[in-house]
Each structure stands twice: as structure tokens, then as C-alpha cells.
Amino acid sequence: MTTEAIIDVRGLTKRFGDLVAVNDVSFAVQRGEVFAFLGPNGSGKSTTIRMLCGILEPTSGEGRVLGFDIAREGEQVKEHIGYMSQRFALYEDLTVRENLEFYAGVYQVPGSERKTRLVELIDMAGLRGRERQLAGQLSGGWKQRLALGCAIVHQPPLLFLDEPTAGVDPVSRRRFWTMIYGLARTGVTVFVTTHYLDEAEHATRVAMIHGGVLRALASPAELKRGALQGHLLSLVCDTPMQAVALLERAPGVREVALYGTTIHALIDPAQQTAEGLSAWLGDVGITVHGATRIEPTLEDVFISLIGAP
Ligand SMILES: Nc1ncnc2c1ncn2[C@@H]1O[C@H](COP(=O)(O)OP(=O)(O)OP(=O)(O)O)[C@@H](O)[C@H]1O
Ligand SMILES: [Mg+2]
């Protein structure tokens, strides 16, 4: 591993009785990355984060975060990172400002810097004018931005976010991510779990975990390139349902799926082409309006790795 690895884990394992929640996971995160951690419910994401944050002791394996040993130096890890847990709770009966002041106290932000820091965070979260509002009265998106502000009040170089945008509307999600990328530009490393694949598209690298096992780890572009065995075509034609049924027995076609009125066909490039398939459909009586090769989305990759629900 290079010296720039800010997180470096090998063989990380957590058992709860007979259940292996995290199974022999190894990876490294470099300084400055926005690292997305994906996986279905119960796959071990939060358990991994809690071990990385020095909150939960691994059953076996080892890891260093910011140079500290996660098993032996958990306290130092906790002091130096920012962590927004999956159920991060603001104090609902405190105002926006009071919540930030509380966390500034917890993280021992020096009194002389506190005022400036709070102003910075209120501006960053777009909460100016709402300083005196009770946190409990904020809508979901505002709450998450305030929670992020609380998690970074001590300017940590590394931030763990466990499903920070769950249940938040698309515009608020976008705003939240603008904050994340703003932080990343200042050199903060971000480790984030999410179920929104559009969010993972912009990460520097994506890890996919399933049943506690790390199944893939690469940049979004690499994952998409390597994921599917063949070329993916998007086909627009009359009577798409009938076309799908016919395509299932067309030469060189591996998989067919209907997305609305568009057909996705995975073809073996050694046996089939977009033109060839259009011609074949024409011969069996289907009018084709368009056949183009498309890149798979991260959703295609995720489904193919994890299996359809
Ligand atoms: N303290 C615990 N005791 C026993 N089992 C646990 C404990 N914490 C987690 N588990 C189990 O470990 C597995 C992984 O849980 P984890 O919370 O890490 O999943 P997750 O990927 O974060 O899921 P989600 O997307 O629902 O948040 C689950 O089967 C869960 O029930
Ligand atoms: Mg979780």
C-alpha cells in the first residue's frame, strides 16, 4: 500500500455469534477519495464503518485509520474523524446554533475559533436565518445538512457517512452532495454508504459488499466496463413486448430486458451486432426505429453482482 492510504484494512472480520457480518474484507482508501460503499440491507456496511471508526472491535483482521490501529487505538480514531451514523440524532429540542455549539464542545473546538467555525458551518449548510429554529422543526434535508455540520465541526480530515441521504428528496440530496464535494475539494477524504446509485456514480471508487463479502472494488467507469459479458444494446421498436419474446431466441443474444418501452439486449460481440440484430428483427416482422450500443449503469452492475431481488 502507498503511504497515502488513509484507511487500510486487511482480513477485517466481524462475527455476531454464528453470523459472519463482515467476512475477510481488505481494502485501502487513499487520501482525498470519495469512496462509496454499496450493498443491500444487512450486507455489513454499518458494521464495517463501526469497526473503522473504532467503535466496534473486529473479531479478526487488522486495520489502520489515519495511521491509528482501529482495535488498539480506537479512542484516537474517534477523536480525529467525523462520523455521521445511520441514526445520527440531532437534539431536536435545541436550536440549529445550539446543536452546533454542543458538538463544538464535545470535539473541544477551542473557544477562540468556535464563533468563526459556527458561522462557516451555518453558511455551508445554507442555514443562515434559521440559527434559532429548533432542530426538530427542520425538514429532513435541512436536518441532514445540520447533522453533517455537526459531524465536521472539528474539521476532521476523514469523514464517515452512513446513509446520509436516506429518505431525502432529490433536490436536497443534490445540495447535500454539493457540500460533500466542497469538502472533498479541500482535501477531506469521504467514506460514504448509500443506496442511491446515482450518488455512487460520482465517487472516485465504489466498493460493493454482499453477505459480508467484498464483491467488487473499482472506479465507476471500470466497474461498468468490466461488469457485463458482451455489449449492451438499446433497441426501440414497435410492439416491444413481442420483440422481447422473439429476441430471447435470437442468435448471439445473451439477455433481454424491457425498460419501459426500450429494450436492453446483451449481445455476444463475436456473434452479433446492432445492425445484424435490427435486420434479424426486420426479418421476423418487427419494425426497428433505433439500435444503439449503450454503457451499462451502476445499477446494471449492482444487480448483476448482487442478483435481482
Ligand atoms: N450488534 C449486533 N448483534 C447481532 N447482529 C448484528 C449486530 N449488528 C449488526 N448485526 C447483523 O449483521 C448484519 C450486517 O448488519 P449491518 O448493519 O452492518 O448491515 P448494513 O449493510 O448496514 O444494512 P442496512 O443497509 O440495512 O443499513 C445483519 O445481518 C445484522 O442483523
Ligand atoms: Mg447500515
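The values are calculated or read from the model by the stated rules, or taken from the named source; none is laboratory data. As the structure is a prediction and not an experimental result, all values here were calculated from the model. Counting neighbours? That spans all protein chains shown, and the Cβs are built from the backbone with ideal geometry, glycine included. For the accessible areas, the whole protein counts, side chains as well, though only heavy atoms, and no ligand, DNA or RNA atoms are used. Shrake-Rupley method; radii C 1.70, N 1.55, O 1.52, S 1.80 Å.
Couple of notes before you dig in:
- Simple Cβ-charge dipole of the stretch 227-306, Lys/Arg +1 and Asp/Glu -1, about Cα centre, in debye nearest 20: 60 debye
- The order of V34, V119 by accessible area, most exposed first and with a 1.4 Å probe, is V119, V34.
- Residue range of the chain that is longest and free of GluC sites (Glu not before Pro) which are both DSSP loop and sparsely packed (at most 13 other C-beta within 10 Å): 93-247
- Computed over the chain: relative contact order in percent, which uses C-alpha pairs under 8 Å that are six or more apart: 18 percent
- Heavy-atom accessible area order for F68, F16, F191, largest first, 1.4 Å probe: F16, F68, F191
- With DNA, RNA and ligands ignored, accessible area of H231 (1.4 Å probe; Å², nearest 10): 60 Å²
- Heavy-atom accessible area order for H195, H289, largest first, 1.4 Å probe: H289, H195
- Its Cα centre serving as origin, the chain has a Cβ charge dipole (Lys and Arg +1, Asp and Glu -1) of approximately 660 debye.
- Normalising by residue count, the stretch 5-218 has a Cα convex hull of 116 Å³ per residue.
- W177 accessible area, 1.4 Å probe, all protein chains in place, Å² to nearest 10: 30 Å²
- Those trypsin sites (Lys or Arg not before Pro) in the stretch 73-177 that DSSP places in a loop and that have at most 12 other beta carbons within 10 Å: R87, R128, R132
- Dividing the mean sequence gap of close Cα pairs (under 8 Å, 6+ apart) by how many residues the stretch 227-306 holds gives a relative contact order of 40 percent.
- Working from label points 7 Å from Cα in the Cα-to-Cβ sense, the D169 to V213 distance is 4.2 nm.
- Compared with the dominant principal axis of the Cα atoms in the chain, helix 96-106 is inclined by about 70°.
- Distance between the stretch 220-283 and the stretch 122-173 - C-alpha centres, whole angstrom: 43 Å
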